[in-house]
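Written below as structure tokens is the structure these notes are about.
The values are calculated or read from the model by the stated rules, or taken from the named source; none is laboratory data. Only a predicted model underlies this, so the values are computations on that prediction, with no experimental measurement involved. Here the Cβ is made from the backbone with ideal geometry for all residues, glycine too, and neighbour counts use every protein chain on show.
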Amino acid sequence: MKKNIYSVLLITIILISGQSALALNNKDHKASIDTITKIFLKGPKPYTLPGNLFTIHSAEKILGEKAHLNDSSTKEQNNIVTYSSSYFADVLDSKSGKTGSIYFLLEKFDLVSDAKQKYSSIKIANENHEGVKVLHNIGDEAYFHSDGENFYFIMVRKGKNVFNMKVNKITSKTSLVGFNQIAKSITKSL
């Protein structure tokens, strides 16, 4: 019975995250289930899987057009769980001559102090660039950065979690309002 529950959990996680699965022998299967369970079910909100925080719907709302998943991955290393994904617009924008894309990265640390350090190091590295704006209405710490022409970037720390989103190739269809709404929605879910 327990093995069947793990199998359902693994299949559900694979389907939700859009990952593909390989046939596993029983030993590897159990190890994979244990790893996935450890990564995803850790923390105060075990039902919030990283792949559910930033979806194709989120990407299309920001890009303003149909898009597809380009890549996604989850790993745990040095007590940091990292989830990343990227979505690309399906077609070239005729007005801007660019193809919109958006990247999402979520890192979950064991300690708040480690999350603060990560946020601080990236912010300090960028704070002297033009277009950086500290945000006070989202998460525990946040900043937005844009050159107004090519990219939007936001980094948010909430508790032990740090995430960033970057639109790299603003097109005529890209929505800054959608970008801000999705960032606030993700923050609320953490």
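Within segment 92-122, being of a type in the set (A, V, I, L, M, F, W, C) and buried (at least 20 other Cβ atoms within 10 Å of the Cβ) holds for 102, 104, 106, 109, 115. If the condition is being charged (D, E, K, R) and under 13 Å from the mean Cα position of the chain (by Cα), then segment 165-183 contributes only 166. Screening segment 136-156 for residues that are under 18 Å from residue 63 (Cβ atoms) and within 17 Å of the chain's Cα centre (by Cα) and picking the one that is surrounded by the most Cβ atoms within 10 Å (Cβ to Cβ) gives 154. Close Cβ contacts (under 6 Å, 6 or more residues apart or on different chains) running from residues in segment 62-90 that are under 15 Å from residue 50 (Cβ atoms) to residues that are among the charged types (D, E, K, R) and assigned to a strand (DSSP E or B) comprise 80/107; 81/108; 82/75; 82/107; 86/71.
Can you say whether residue 159 is surrounded by fewer than 16 Cβ atoms within 10 Å (Cβ to Cβ) and either small (Gly, Ala, Ser) or touching a residue at least 24 places away in the same chain (Cβ under 8 Å) (or both), as far as the supplied structure shows? Yes.
Residue count for segment 149-174 satisfying the condition of being under 22 Å from residue 67 (Cα atoms) and outside any strand (DSSP E or B): 8.
Exactly one residue out of 131, 148, 139, 178 is at positive phi and either modelled with pLDDT of 95 or more or in contact with a Lys or Arg (Cβ under 6 Å, 6 or more places away or on another chain) (or both): that is 139.
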